[in-house]
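Below is one structure, written out as structure tokens; comments come after it.
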Amino acid sequence: MRSSPRNSLPSPLPPEQLAAAAIRGLALMLDYDGTLAELVSDPARAVPVPGAAKLIDRIAGHRDRVRVAIVTGRRIEDLKRLITVDGNVVFFGVHGLEVCRADGKIAVDPEAAEYAADLDRVRAWLRVEVPQDRGFRIEDKIFAIGLHSREADPDEARPLNARFSLFVERQTPHLRALQLKMLVEAMPRIAGKDRAVARIKQMLPRTFVTAYIGDDTTDEAAFRALDGDDIGVLVGAAHETYARYLLDGPREVIAQLRTIAESLDSRAGARSRE
């Protein structure tokens, strides 16, 4: 059973739901941009909302109850320049193609190398077709390539994004073009945040509930991969989604993390006094 049908609108997340799940056993999976950090025009400046990293560390320290993963479209090495957390946190990068566990080593899905030729075709197309100094930015993640248009003229960005998407779909059979917020990304068809959900579920006891919190199109694959008892949370404006619940923005996400941390700390303190 899935967490929610695609044509449904999410309901506000009850304040104590994640904290209650953490007491029983919780895999807490968090997107980064738009979830732990506000969206900004320059992704290199997308720092986490104040207090986010410390709260994640507090939660992740309760390893008997909670496991925390950050799931992002960014490369892991780039994300680690923005947010510093301890070794209890698992990272999934490039939409699930990279993973970094407690030892700090980053492993890449071996299938990703099979799509190098198609990605080279994308690089060549972008070099020719994207105008210089017009607000466009190319982000090369090695295993995926994005065309950002947040600072470009929308009337110029729309046709260019459409042509880029068409090129990817017609000329690179192993890739797909994903429409994100002011971004079109060419990525291997095997990539998807649902892969991160599946890997976390394999690592943990069946009694753990999985909660996934994210704001963008790529997070829908993760929401769809959740089981009936799991918790999918969309961040931002309500729209049709596989997520069951809604939070308004990153600051509401941080408020939820604080509630989880305080609940876990209180329970641990009570046990230590027994």
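What follows draws every value from the coordinates through simple rules; no lab data is involved. Remember, it's a predicted structure, so these values are computed and weren't measured experimentally. A quick note on method: Cβ atoms are made from the backbone with ideal geometry, for glycine too, and the neighbour counts reach across all protein chains shown.
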(message) Can you give me the Kirkwood hydrodynamic radius for the stretch 112-188, using every pair of distinct Cα atoms, in Å to one decimal?
(response) 12.3 Å
(message) Could you give the length gained by full extension between Glu156 and Ile106, i.e. 0.36 nm per residue of separation minus their alpha carbon distance, to one decimal place?
(response) 14.2 nm
(message) For the stretch 112-188, what does the relative contact order come out to in percent, with C-alpha contacts under 8 Å and a separation of six or more?
(response) 33 percent
(message) When a/c reaches 1.5 or more, the comparison of a/b and b/c decides; with that in mind, is the stretch 159-257 rounded, prolate or oblate per its Cα gyration tensor?
(response) oblate
(message) Take the residue pairs Lys80/Lys141; Lys54/Lys193; Lys105/Lys181; Lys80/Lys181 and return only those whose Cα atoms are more than 19 Å apart.
(response) Lys54/Lys193; Lys105/Lys181; Lys80/Lys181
(request) Using only the Cα atoms, work out Rg/Rh for the chain, with Rh taken as the Kirkwood radius, to two decimals. (result) 0.98
(request) Select from Val184, Leu234, Thr217 the residue farthest towards the positive end of the dipole of the stretch 176-234; place +1 on Cβ of Lys and Arg, -1 on Cβ of Asp and Glu, and compute about the Cα centre. (result) Val184
(request) State the percent of C-alpha pairs, over all pairs in the stretch 55-116, separated by a distance greater than 14 angstrom. (result) 56 percent
(message) Let me check against my output: what whole-number percent is the relative contact order of the chain, with C-alpha pairs under 8 Å and at least 6 apart?
(response) 29 percent
